[in-house]
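A.B. asks: Here you go, one structure.
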Amino acid sequence: MLTLRAAAQLLANATGVASLRPLAALLGASGTPRPVRAALRREMGLAGLTGRTQLVPGAGAFRVLIAELEPATDVGPDTDVRERTRRVGAALLRYGPAMYWAIVAVDLRQLCVATVSPGDGGPRLAVLRVDRSRVLDSDAETLRVLAEVNETDDVLRHARLTDMLRREALGLRFYRALDSAVARLADSLPSTGASRSERRELALLCASRCLFLAFLEAKGWMDARRDFLLHHTLHALESGGRLH
């Protein structure tokens, strides 16, 4: 089993095509990598999107493209790595619509591990985006989860990887929203007699209590009302009471 430390090291060391191969293997593409030369990159629609590129086969129609991303010249070199990976995904779907594609792409600072699926509005990406200079434990844990996907069928493997990446993205969005709410609550507290760290600790305590109450409400354990918290919050505020 891949350890958290080993996973973090793989992510931090992902600086070029050669160091991306172990990540492709963890996703389930352990075949012999095939270099994608300039002519084939043009045929695949990758010209201007990727530099050194390799195609790694997996079972059935599962394929992982590993690539060094080129700067996006149309909107500047700092274009979000996710957007550049999305463009690569769109090209892959046009080139091989019957394939089940995953991408491991890197630029000077960031790494993207993604699956690509067709959608009504264009390619749909499920993405792990990593700042290689500051690999988080959550990044390493996500890679460990992906490495444990053991489906041998190409369709099931791609679907499972996509599901795992989307769950992690949802968890990250929730964490960021929670962190933002805690920061706003901490900033709203009076500073008299309390340091910023103490105000943040109090805000986190209040947020944790609210999350616990929301869990109880979702279970129907608060007077069997799904709007228990909203109802009593509005009642307290409208009656001029102090909510806390």
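Read-outs: derived from the displayed coordinates by stated rules, not from any lab. All of these numbers come straight from a predicted model, not from anything done at the bench. Cβ placement follows ideal geometry from the backbone for every residue including glycine, while neighbour counts extend to all protein chains displayed.
A.B. asks: Evaluate the distance, in nm, between pseudo-label points positioned 7 Å from the Cα of D179 and of R37 along their respective Cα→Cβ axes.
C.D. replies: Roughly 4.6 nm, to one decimal.
A.B. asks: Something else now. What's the Cα-based Rg to Rh of the chain, Rh via Kirkwood?
C.D. replies: 1.10
A.B. asks: Using only Cα atoms, locate the centre of segment 1-74 and the centre of segment 118-159, then give the distance between them in Å, rounded to an integer.
C.D. replies: 13
A.B. asks: State the three equivalent ellipsoid semi-axes of segment 189-238, derived from the C-alpha gyration tensor as the square roots of 5 times its eigenvalues, in descending order and whole Å. Don't jump to the answer; show the numbers that get you there.
C.D. replies: Numbers: eigenvalues 159, 40, 5 Å².
They are 28, 14, 5 Å, listed from largest to smallest.
A.B. asks: What does the charge count near L202 come to, summing +1 for each Lys or Arg and -1 for each Asp or Glu among other residues with Cβ under 14 Å from its Cβ?
C.D. replies: Local net charge: +2.
A.B. asks: Nearest 20 debye, what's the magnitude of the dipole of the chain about its Cα centre given +1 on Lys and Arg Cβ and -1 on Asp and Glu Cβ?
C.D. replies: On the way: 34 positive and 27 negative charges, 79 e Å.
Dipole magnitude for the chain comes out near 380 debye.
A.B. asks: Still on this structure, I have one more. Which of S195, A177, C206 sits farthest toward the positive end of the charge dipole of segment 160-209, with +1 on the Cβ of Lys and Arg and -1 on the Cβ of Asp and Glu?
C.D. replies: Of the candidates, A177 comes out farthest on the positive side.
A.B. asks: Also, I was wondering about something else. Would you mind calculating the relative contact order of the chain from Cα pairs under 8 angstrom and at least 6 residues apart, reporting the percent as a whole number?
C.D. replies: Values: 352 pairs, mean separation 38.4, N = 244.
16 percent.
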